[in-house]
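As structure tokens, the structure follows; a few thoughts come after it.
The values are calculated or read from the model by the stated rules, or taken from the named source; none is laboratory data. What you are looking at is a predicted structure, and each value in this text was computed from that prediction instead of being measured. With ideal geometry, Cβ positions are generated from the backbone for all residues, glycine too; neighbour counts draw on all protein chains shown.
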Amino acid sequence: MTQSFRLPEGGLIDRDRRLGFRFDGRDYMGYAGDTLAAALLANGVHLVGRSFKYHRTRGILSAGAEEPNALIQLGEGARSEPNLRATQIELIDGLEARSQNRWPSLSFDIGAFNNALSRVLPSGFYYKTFMWPASFWMKYEYVIRHAAGLGEAPRGRDPDHYDKTFAHCDVLVVGGGPAGLAAALAAGRAGARVILAEQDSDLGGSLLGTNGTTIDGQPAAQWIAAARAELAAMDQVTVLTRTLAYGYFDHNFIAMVERVTDHLGEKPGHLPRQRLWKLRAKQVVLATGAIERPLVFADNDRPGIMLADACRTYVNRYAVRSGNKAVVFTNNDGGYTAALDMAAAGVNVRAVVDLRANPEGPATERAEAQGLHIMPGSAVVGTSGEKRVKQVRVGRVDPGSGRALAVSETLDCDILAMSGGWSPALHLFSQSRGKVVFDEALGAFVPGDPAQGAHSAGACNGAFGLADCLAQGHAAGRDAAKDAGCKPGRDGARAPEAENHGFLPAQWAWEVPSDKPPGRGGKAFVDFQNDVTANDLRLALREGYHSIEHVKRYTTTGMGTDQGKTSNVNAIGIVAKTMGREIPEVGVTTFRPPYTPVTFGIFAGRDVDGLLDPVRKTPIHSWHEQAGAAFEDVGQWKRPWYFPKPGETMHQAVNREVKAARDSLGIMDATTLGKIDIQGKDTAEFLNRVYTNAWSKLAVGRCRYGLMLNEAGMVIDDGVTARLGENHYLMTTTTGNAAPVLAQLEEFLQTEWPDMEVFVTSVTEQFATVTIAGPNAKPLLRELAADLDLSTEALPHMAIAPGRVAGIDARIARISFTGEMSYEINVPASCGLALWHALMTAGAKYDITPYGTEAMHVLRAEKGFIIVGQETDGSVTPIDLGMDWIVSKKKDFIGKRALSRPDMLKPDRKQLVGLLSENPEEVLPEGAQLVERVLPKPPMPMIGHVSSSYHSPNLGRSIALAMIKGGQARMGQTVLAPLADGTTVTCKVVSPVFLDPEGTRLND
Amino acid sequence: MIESYLRQSPLAHLALAAHGPGSGKPAGVHMAERPFPGLVNLRGPGDNANFHGAFKAAAGYDLPVEAGATAGSANTTALWLGPGEWLILDARGGPKSGPRIAESLRAALAGISAAVTDISESRACIRISGAKARAVLQKGCPLDFHPRHFAQGQCAQSVLARAAILLHMTPDETAADGPAFDVYVARSFAEYTWRWLEDAAREFGVARGER
């Protein structure tokens, strides 16, 4: 297809690089440098979508980020992305794009019946209609979502990868237009570390869309090139194009997204698709430009009705005529610039319809001089044309009534270029919590005082003349650098110079005068994306929604993916006028990040798959893997859960492991237990304070079990602490609590007891810890640690000694979590695997059996040993656990006073007991609730719950631990466990120690 | 000795043989495990002249007292970790260097309120260097790595992605080679950290092995 609307020359496109693309199944050509919108317009395509609610035909409105209509589904399959603005999509060869919100096709769309039905679809329609019955909302929603617009989320996982990075700078400049470039140059020359972020593919901003502009006496393009070169030559300056600063948060934290490969035809695999920048800037220069406003008149939404400056940009930047015959409709001088540039490009400009009774201004004068047909004091009061605007009707405005008189002229056209003035892009400024103020002369909100280290410059600051933009940018960059602590610029350079034409003078009319009563004669759209009309706003006000925030939510104006970039100020103006208030009284709605939508991929970054969360592995992990262990996540650790042999079920494997530890020899990797090295002369007293029991008399070479409470008296950790030397101890903690316990101890030392001479250092990872348990543990160790005296006299239960095991320096502790004769062997972590191999080899004669966490749980449950976090839940005291024996009556410790509170002494507190089900085969589910009497249906009074439950192969039956109200007084009684499946298990309350209550197995 | 040939460095199981970035591209980043550094945690009264004097007598240099500062001799380097806390390291020390440093410090500090703890086994050391080393670290660590803010010889405790790290910008690289950092991370996090760094460095080209 020919690009029949492409100008024969000019523009910033690369005519040597022709690119083929496809839109809605048809093939087109464009050039490198085009956006999708520019290339479509070059091919005469205006109709690009259907509107959200009424399914009206819509065309390209703008040439930038504010585009409400031209939302595109880009790409296919898992890479498909919805709701992208055609005005920002850079054209690449082979690009596949589809229009959205139409079925079965763009030109014939069934949903367009909504337009015919619009009388019954007023604002608030959904609220009013689907209120009742509330339970039906899910059904309504299903249908509504299907009928509603916007594109489709991609199916399948995202095949691309994304990057995230932190960044820092002295001065962030947002926007690479004239003000931003001047700011970056000034800050960079002052030696500041500058990041310049420009969302477009190129620097220049509004200059790219102009023609004949000069700065410092040279053409704008040359000035931009010189600025680009100067910035590139400064080491401390980074220029990021295709980078959108989308959010401005506290303490000058700016979130930006960089499109790294989206614009490349061939996407190099090593590059991320996009990158999230988490930037901390000392100072920010906002040079975000301004957005042209549409005019609100009847049927102002037809394809071919565009923003005037966009038409100008398409001519000058992309060498595209938007159409053949144009009418320009403006309320300000700026509209004439567009008319002149279009006329220069060969567009037949039929007329400039000007709301102002006395058009004036430099561009107006040039248009007059060139003989353009100007219709002063006139308004477009209606349009026609289904898939493209065909005609506009113009009426004279009656200065007395402020209404338009009957149509005076009907003009054929295929373009209606409108300009309703300009709105500074305040989004980031507002997100930074800066307050905005209304500027009557500009007819727009402008930045007030900044709330953070932000400097606004250029059009976003209400400066629309080029000279003002450059001067403000220069000053903002210089000041920002100074405020960031940089020395004043060595150059003392002046701001770049240029002519200073803005778009004023103008005459504001938030809604264009009409020849019909309000709401008649066609829809006057305010918000194109959400199909909100001026009449909808008035309806909301009539129905009592007077706060602008309520009007916004009720009508959904400004709530589309464009967040009302083109609509908000018009909406506020119409609301103010209807209510008879001033605009500042009405106020603005909140600007929220992101400025334009960003993809979820950037937030995931590389935190996906194997890098989702750290997987902590012990030095012996590779052996476990090769042995086919099933792993259990314990915090971030991977621990062997059980070691199934071929064909074994989990139940069989665990039974085998449990039996082996009792009958011969089990071996377990216990490396993950927390280990804290404690040194200092006050350590014994320190332990006295943090544990419930007394530590003063623990001898060197001996170990003691401790319970740690919080201030409320609740158990938070337990473990064995060994005294290694006079002032040297080694504490062990539960796996999950290693870091919190260390932090707690450090906090006590630093804040409560700074006078104590105690130093705590984590050595969890310094040692690999292997436990061997069972009757053959001692014979095996004797063989591998020949020079160590393992006699009970030399190394009794709860003793620790240094020695060499299999030639490796080790600490050997005779402690037991299984109730068996058991040794914990600590060796340097790097020797863990070697130790394991040595033990496995030498232990073969005892059929040494690796066991995992599940067997460990069964073994300890047989002995009634608690697991913190399983029997306890933060509301359990040592007394509740029947562990009074470990609570010192003499000394003070953390949590002691709490234990004497009346509530702690109540006899009906939940207490630890054992449970035996009547049927020995029945294994209670953990968490099962216990009752005295089963009622026909819940609720029924509950007296406790099952905390641990297993099949015990050593006892040949099921066992369970439970927390039951007044449990210790219920020994021998029966309790009932009604299960979810309707059955009830009858259980007897017994001692929690099921096996070897005398502890004879711990000894020879 | 069984120890010397069966010792496993934290990343030994990954079999990280040296290789280039592939397809003839230059490597923006070099990554290597530095196995068996000697690392000793030293706690003591930072305001006590006897303590500082005893350390200097043993080590031959003053303990650094500024945040993030380091000091050292040909044998060891002291990294400031916090008020009253240092890491004494010998990056190329070998398996026995930690215990050796600890022993000599304990002897030197006898009678002074201080704690000396060998933690050599508990950390992995990953050396990352090259022109893009800063950019790679910056992806996961919120500190500012600009040369104006993070200089040769400086150290800091921070995070890299989801792992706690100690970072040391080593002084033994010339500016021409680009910066070099030693990333110390808890042993169990070593594989995660290595894989994360390698993935983050992919766009710059990664060579395995020290430069």
Query raised in the report: Could you say whether any residue in segment A:668-687 is under 36 Å from the mean Cα position of the chain (by Cα), without any contact (Cβ under 8 Å) to a residue 40 or more places away in the chain and closer than 30 Å to residue A:838 by Cβ?
Result: no
Query - Residue identified as assigned to a loop (DSSP other than H, G, I, E, B), without any contact (Cβ under 8 Å) to a residue 12 or more places away in the chain and of a type in the set (Gly, Ala, Ser) among A:647, A:564, A:610, A:628 - result: A:647
Query raised in the report: If you go through segment A:754-803 one residue at a time, how many are within 10 Å of chain B (Cβ to nearest Cβ) and not in a loop (DSSP other than H, G, I, E, B)?
Result: 6
**Report entry** Members of segment A:869-879 that are surrounded by fewer than 21 Cβ atoms within 10 Å (Cβ to Cβ) and either in contact (Cβ under 8 Å) with a residue 60 or more places away in the chain or assigned by TED's automatic domain parsing to the domain that holds residue A:705 (or both)
**Finding:** A:869, A:870, A:874, A:875
Report task. List the strands (runs of 3 or more DSSP E) that sit entirely inside segment A:389-502 and contain at least 2 residues that are under 37 Å from the mean Cα position of the chain (by Cα), aliphatic (A, V, I, L, M) and over 15 Å from residue A:287 (Cβ atoms). Result -> A:436-439
Query raised in the report: residue B:199 passes all but one of (1) away from chain A (no Cβ under 11 Å); (2) surrounded by 16 or more Cβ atoms within 10 Å (Cβ to Cβ); (3) not hydrophobic (A, V, I, L, M, F, W, C); which number fails?
Result: (1)
Requested in this report: Select from segment A:209-229 the residues that are surrounded by 22 or more Cβ atoms within 10 Å (Cβ to Cβ) and modelled with pLDDT under 95 and list them in ascending order.
Outcome: A:209
Report task. Name, by its number, the condition in (1) within 11 Å of another protein chain (Cβ to nearest Cβ); (2) crowded, with 19+ Cβ neighbours inside 10 Å that does not hold for residue B:148. Result -> (2)
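Only one residue in A:288, A:313, A:337 is in contact with a helix residue (DSSP H, G or I) (Cβ under 6 Å, 6 or more places away or on another chain), closer than 20 Å to residue A:466 by Cβ, among the polar types (S, T, N, Q) and in a loop (DSSP other than H, G, I, E, B). Which one? Lay out the reasoning, then the answer.
Values: A:313 fails: in a loop (DSSP other than H, G, I, E, B); A:337 fails: in a loop (DSSP other than H, G, I, E, B).
Result of the check over A:288, A:313, A:337: A:288.
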Report summary line: If we take segment A:829-935, then helices (runs of 4 or more DSSP H) inside it with 1 or more residues that are in contact with a Ser or Thr (Cβ under 7 Å, 6 or more places away or on another chain) and closer than 30 Å to residue A:693 by Cβ are A:853-862, A:896-899
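For segment B:126-136, state whether one or more residues are facing another protein chain (nearest Cβ under 8 Å), touching a helix residue (DSSP H, G or I) at 6+ places or on another chain (Cβ under 8 Å) and modelled with pLDDT of 95 or more. Step through it out loud before you land on a result.
Of segment B:126-136, the ones facing another protein chain (nearest Cβ under 8 Å) are B:135.
So of that shortlist, the ones also touching a helix residue (DSSP H, G or I) at 6+ places or on another chain (Cβ under 8 Å) come out as B:135.
Now drop any that are not modelled with pLDDT of 95 or more, which leaves B:135.
Yes, some residue in segment B:126-136 is facing another protein chain (nearest Cβ under 8 Å), touching a helix residue (DSSP H, G or I) at 6+ places or on another chain (Cβ under 8 Å) and modelled with pLDDT of 95 or more.
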Query raised in the report: Which strands (runs of 3 or more DSSP E) does segment A:1-106 wholly contain that include 2 or more residues that are of a type in the set (Ser, Thr, Tyr)?
Result: A:26-32
Report task. Tell me which of these residue A:807 doesn't satisfy, since it passes every other one: (1) touching a helix residue (DSSP H, G or I) at 6+ places or on another chain (Cβ under 7 Å); (2) more than 14 Å from chain B (Cβ to nearest Cβ). Result -> (2)
Query raised in the report: Restricting the search to segment B:180-196, which residues are farther than 20 Å from residue B:152 by Cα, at the interface with chain A (Cβ under 10 Å from one of its Cβ atoms) and either in contact with a strand residue (DSSP E or B) (Cβ under 9 Å, 6 or more places away or on another chain) or of a type in the set (Asp, Glu) (or both)?
Result: B:186, B:187, B:188, B:189, B:190, B:191, B:192, B:193, B:196
Report summary line: residue A:615 meets each of (1) under 35 Å from the mean Cα position of the chain (by Cα); (2) more than 14 Å from chain B (Cβ to nearest Cβ) with one exception, condition (2)
Query raised in the report: When you go through A:635, A:628, A:580, A:605 one by one, which is the residue that is modelled with pLDDT under 95 and either in contact with a helix residue (DSSP H, G or I) (Cβ under 9 Å, 6 or more places away or on another chain) or under 30 Å from residue A:869 (Cα atoms) (or both)?
Result: A:635
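Working only within segment A:883-908, note down all residues that are touching a strand residue (DSSP E or B) at 6+ places or on another chain (Cβ under 7 Å) and surrounded by 16 or more Cβ atoms within 10 Å (Cβ to Cβ). Break it down stepwise before answering.
Start the filter on segment A:883-908 by keeping residues that are touching a strand residue (DSSP E or B) at 6+ places or on another chain (Cβ under 7 Å), which leaves A:883, A:886, A:893-895, A:908.
Correct list: A:883, A:886, A:893, A:894, A:895.
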Query raised in the report: Where in segment B:1-115 are there helices (runs of 4 or more DSSP H), lying fully within it, with 2 or more residues that are under 20 Å from the mean Cα position of the chain (by Cα)?
Result: B:97-108
